[in-house]
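Engineer: Pasting a structure below so you can have a look.
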Amino acid sequence: MAIGKKHKEAAALSSSSSPLLPADRKALLLLLLLLIVLLARPAASSDGVRYDYRAYTECKSHPEPALYNGGILRWANKVTDFRTEDDGNYSPAFVLYNMSAATVYSFSCWVKIDGPTTAHVKAKILTLANAASQCLGTALVRNDCWSFLKGGFTLNSASETSVLYFQFAIYSLQTASPNASTISIRSASLQPFSPEQWNQHREDRIQLNRKRFVNVHVADSNGSRVVGAKVAVHQITRDFPFGSAISRTILGNKLYQEWFNKRFNVAVFENELKWYATEPYPGKEDYTVADQLLQFVQANDAVARGHNIFWEDPKYTPAWVKNLTGSQLRAAVSGRIESLLSRYKGDFVHWDVSNEMLHFDFYENRLGGNATVDFFDTAKRADPLATLFLNDFNVVEVCDDLSSSADSYVSRLRQLADGGVTFEGIGLEGHFGKPNIPYIRAVLDKLGTLRLPIWLTEIDISSSFDPKTQAAYLEEVLREGFAHPSVDGIMLWTAMDTNASCYQMCLTNQNFTNLPAGDVVDKLLGEWQTKETLGTTNDRGSFNFSAFLGEYKLSVTYLNLTAEGTFSLAHSDDTKHINIRLSPSH
């Protein structure tokens, strides 16, 4: 029943078997060999396990089978009446032994409650040695069907004994006490992965989703294969959108502009498009700085995200707007959309329509529950080419903020869809402390079931960490985001202000020499592009390679013959075939 990474079966056997005392050396050797086999079996089977990206956001009448056939929970002790000091409820729990700090644990289960109609349920891991607990996943759970909870964790230190348990959390629109409720768990699974396995899953997904196989076939003027032709391939542009926030400080700063243009193909304005910046006083609009930033972005063949039309946090609502009510407020918000989107129609690839509405409700509180529906409808009519996003924080950053859990996000999307909104994009800000990488992947799995573009829109790491730790955490987050099949773009929140500082994390110093986080960005950008591929055609006249999606320049040379051209790699499961015909030039 022990649940260590490599010895769960052996320990389970030894805990239930009587001691064996062999009478001779041969028997002893056989016993040792048997123990070695038993110890090795779980590791060997685990090595072949691939990460399961399946997730569910619909409530089902019956739970699906457990992922990984239950993983190591097959050997766990199950306790039906576990109780902790931080939770007054009895909970189902699993007792786990010999948990490793070097292991990534992926957890999932199906949950149902007997009590209130709807409740949030958290899954938590408690290490008994230091009585420390951490949230590893949440679900918005009902009493008439089964909800899927998916999450994960890593431990700060190894733990001889841990408890995985469940806890009622805040729920809304209920009057019943959660103490009167019962949590039921089915198809629970806890699957360990080594860091090498976890990284390999990323590489496999990058090959599948960010790259494509190419076959260049070279023939002469008669159509015969050309063996030994030299092929050179150079990437011109990257397909995957990877960018950063910018601010007015980049204007007129040649060093900053060159540094930015060398790396990024997408930009977002930190504050310059927000309502308080473009119309600080009623009727006194000023788009001068926003216009200049847009001109800079477009002149360098990048694209821009529009951030944002409305910010639901009253702290960042223009002071004069806070004093408006009723028809005056309606007229002001209508004028804001019309002015902003008519001016920039077709210029921004995205618009964050209602920023942070999972946490705040300034406009709906004053204009009614249909206010957001009206915002989206008006914005879509004003700029039908732009993809309209919700954007919020703490969705992938933490597990404890129930306002912005994956299920809360999905619930809000469905609520607005019922009002007539056609949703097009999910924005996840990503202002991280110490990131919980398996939890990030699990949240992306769940949101990915909606089949909408998902962007990590404001990635940074808290300034409470030293620069090297910031860089290490940033690298993990970026690798996870780039590899996940549901992520369509990544934006860093690293605009430099006039004091050569940033919101939380800078990539360079004021002289635009990289800080550790900047070195991480450069390293990953180097990994995620096919700068140059050289080779020769084989005996079938072909040269095969794998390359990142994007635009390419191709050159083929054989003896005194040369052919040049360009091609693009878009996402496809099929190999890209390029036929080159060499013929003497006239």
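The values are calculated or read from the model by the stated rules, or taken from the named source; none is laboratory data. Bear in mind the structure is a predicted one, so any value in this text is a computation, not a measurement. Every residue, glycine among them, receives a Cβ derived from its backbone with ideal geometry; neighbour counts consider all protein chains shown. The accessibility values were calculated without ligands, DNA or RNA, using every heavy atom of the protein model including side chains. Shrake-Rupley method; radii C 1.70, N 1.55, O 1.52, S 1.80 Å.
Engineer: If each of LYS553 and GLU338 carries a label point 7 Å out from its Cα toward its Cβ, how far apart are those two points in nm?
Structural biologist: It works out to 4.9 nm between the two label points.
Engineer: Which length gain, in nm to one decimal place, applies between ALA129 and PHE545 when the Cα-Cα distance is subtracted from 0.36 nm times their residue separation? Could you put the intermediate results ahead of the total?
Structural biologist: Numbers: separation 416, 0.36 × 416 = 149.76 nm, distance 5.14 nm.
Net length gain for the segment: 144.6 nm.
Engineer: How do 569-575, 264-270 rank on mean C-beta neighbours within 10 Å, highest first?
Structural biologist: Final packing ranking: 264-270, 569-575.
Engineer: Beyond a 25 Å Cα-Cα separation, which of these cross-linked pairs lie in this structure: LYS60/LYS446; LYS345/LYS446; LYS230/LYS523? Let's see the in-between values first.
Structural biologist: Details: LYS60/LYS446 15 Å; LYS345/LYS446 33 Å; LYS230/LYS523 29 Å.
Flagged as over cut-off: LYS345/LYS446; LYS230/LYS523.
Engineer: Same structure again: Using a probe radius of 1.4 Å on heavy atoms only, what accessible surface per residue do you get for the range 207-332? Whole Å² is fine. Before the final figure, lay out the partial values.
Structural biologist: Details: 5810 Å² over 126 residues.
Accessible surface, normalised per residue, equals 46 Å².
Engineer: Can you give the longest stretch of the chain with no exposed loop site, where a site means trypsin sites (Lys or Arg not before Pro) in a DSSP loop (not H, G, I, E or B) with at most 10 other C-beta atoms within 10 Å? Display every interim value, and only then the final one.
Structural biologist: Working: sites that count: LYS262, ARG451, LYS531.
The segment 1-261 is the longest one with no such site.
Engineer: Debye calculation, C-alpha points only, no solvent: report log10 I(q)/I(0) for the chain at q = 0.09 Å⁻¹, in the same order as the q values.
Structural biologist: Values returned for q = 0.09 Å⁻¹ are -0.83.
Engineer: Would you compute, from DSSP H runs of 4+ residues alone, the mean residue ellipticity of the chain at 222 nm, taking -39500 (n - 2.57) per run and dividing by the full residue count, rounded to the nearest 500? Please list the in-between numbers first.
Structural biologist: Numbers: 14 runs with 165 residues, N = 586.
When only DSSP H runs of four or more count, the value is -8500 deg cm²/dmol.
Engineer: For the range 239-494, what is the percent of antiparallel DSSP beta bridges, rounded to the nearest 5?
Structural biologist: Values: 1 of 34 bridges.
Roughly 5 percent of the beta bridges in the range 239-494 run antiparallel, per DSSP.
Engineer: Still on this structure, please answer the following. All other residues with a Cβ under 12 Å from the Cβ of THR494 taken together, and with Lys, Arg as +1 and Asp, Glu as -1, what is their net charge? It would help to have the intermediate numbers written out before the result.
Structural biologist: Working: positive: ARG263; negative: GLU270, GLU458, ASP460, ASP497.
The answer is -3.
Engineer: Can you work out the FRET efficiency for the pair GLU258 and SER568, with r the C-beta to C-beta distance and R0 = 30 Å, to the nearest 0.05?
Structural biologist: Numbers: r = 26 Å, r/R0 = 0.88.
It comes to 0.70.
Engineer: At a Förster distance of 30 Å, what's the computed FRET efficiency of ARG83 paired with ASP52, Cβ-Cβ distance as r, to 0.05? Mind dumping the intermediate values first?
Structural biologist: On the way: r = 31 Å, r/R0 = 1.05.
Efficiency, rounded to the nearest 0.05: 0.45.
Engineer: About the Cα centre, and with charges only on the beta carbon of Lys, Arg (+1) and Asp, Glu (-1), how big is the dipole of the range 325-478? Nearest 20 debye, please. Each step should come with its number before you reach the end.
Structural biologist: Details: 14 positive and 23 negative charges, 94 e Å.
Value, rounded to 20: 440 debye.
Engineer: So which of LYS262/LYS322; LYS380/LYS576; LYS254/LYS274; LYS434/LYS531 end up more than 30 Å apart by C-alpha?
Structural biologist: Details: LYS262/LYS322 42 Å; LYS380/LYS576 36 Å; LYS254/LYS274 25 Å; LYS434/LYS531 33 Å.
Correct reply: LYS262/LYS322; LYS380/LYS576; LYS434/LYS531.
Engineer: Could you work out the relative contact order of the chain? I mean the mean sequence separation of Cα pairs under 8 Å and 6+ apart, divided by the number of residues, in percent.
Structural biologist: Numbers: 1251 pairs, mean separation 102.1, N = 586.
For the chain, the relative contact order is 17 percent.
Engineer: Something else now. Straight-line reach only, C-alpha to C-alpha below 21 angstrom: list the lysines that LYS78 could link to, leaving out same-chain residues fewer than 8 apart.
Structural biologist: LYS5, LYS6, LYS8, LYS112, LYS122, LYS124, LYS150
Engineer: Still on this structure: Just the number, please: carbon plus sulfur as a percent of the accessible area of the chain, 1.4 Å probe, no ligands or DNA/RNA counted.
Structural biologist: Values: 12970 of 26260 Å².
Carbon with sulfur: 49 percent of the solvent-accessible area.
Engineer: Report the calculated FRET efficiency for HIS234 and SER464 (r = Cβ-Cβ distance, R0 = 30 Å), to the nearest 0.05. Working shown, then result.
Structural biologist: Working: r = 42 Å, r/R0 = 1.40.
Efficiency for this residue pair is about 0.10.
Engineer: Can you compute the label reach from LYS345? Point 7 Å from Cα along the Cβ direction, backbone N cut-off under 14 Å, restricted to the range 280-312.
Structural biologist: Correct set: none at all.
Engineer: Now for a separate question. Please get the size of the charge dipole for the chain, origin at its Cα centre, with Cβ charges of +1 on Lys and Arg and -1 on Asp and Glu, quoted in debye to the nearest 20. Please list the in-between numbers first.
Structural biologist: On the way: 56 positive and 63 negative charges, 307 e Å.
Around 1480 debye, computed over the chain.
Engineer: Relative contact order, percent, of the range 239-494 when contacts are C-alpha pairs under 8 Å separated by at least 6 residues?
Structural biologist: Values: 443 pairs, mean separation 44.8, N = 256.
Result for the range 239-494 is 18 percent.
Engineer: Quick one: work out the % antiparallel among DSSP beta bridges in the chain, nearest 5. Kindly include the intermediate steps, with their values, before the conclusion.
Structural biologist: Values: 78 of 118 bridges.
Of those bridges, close to 65 percent are antiparallel.
Engineer: Put +1 on the Cβ of every Lys and Arg and -1 on every Asp and Glu Cβ in the range 239-494; which of LEU456, GLN292, ALA483 then has its Cα farthest towards the positive end of the dipole?
Structural biologist: The one lying farthest along the dipole's positive direction is GLN292.
Engineer: How many nm separate the modelled label positions at VAL227 and ASN300, each set 7 Å beyond the Cα in the direction of the Cβ?
Structural biologist: Taking the two extended label points, one gets 4.9 nm.
Engineer: Based on alpha-carbon centroids, what's the gap between the range 109-165 and the range 564-586 in Å, whole number please?
Structural biologist: The distance from the Cα centre of the range 109-165 to that of the range 564-586 comes to 52 Å.
Engineer: Could you tell me which residue out of SER327, ALA471, ASN365 lies farthest along the dipole of the chain toward its positive end? Charges go on the beta carbon: Lys and Arg +1, Asp and Glu -1, centred on the Cα centre.
Structural biologist: Most positive-ward Cα: ALA471.
Engineer: State the extension gain, in nm to one decimal, for the chain segment bounded by HIS359 and ASN69, taking 0.36 nm per residue of separation less the distance between their alpha-carbons.
Structural biologist: Working: separation 290, 0.36 × 290 = 104.40 nm, distance 3.71 nm.
Difference between extended and current length: 100.7 nm.
Engineer: Can I ask one more? Taking the Cα centre of the range 67-193 as origin, work out the dipole magnitude from +1 charges on Lys and Arg Cβ and -1 charges on Asp and Glu Cβ, in debye rounded to 20. Present the calculation step by step, with values, prior to reporting the outcome.
Structural biologist: On the way: 9 positive and 7 negative charges, 69 e Å.
Once rounded to the nearest 20, the dipole reads 340 debye.
Engineer: Can you tell me how much longer the chain between ASN560 and ARG451 gets when fully stretched, taken as 0.36 nm per residue apart minus their C-alpha distance, in nm with one decimal?
Structural biologist: Values: separation 109, 0.36 × 109 = 39.24 nm, distance 5.06 nm.
Residue separation times 0.36 nm, minus the Cα-Cα distance, leaves 34.2 nm.
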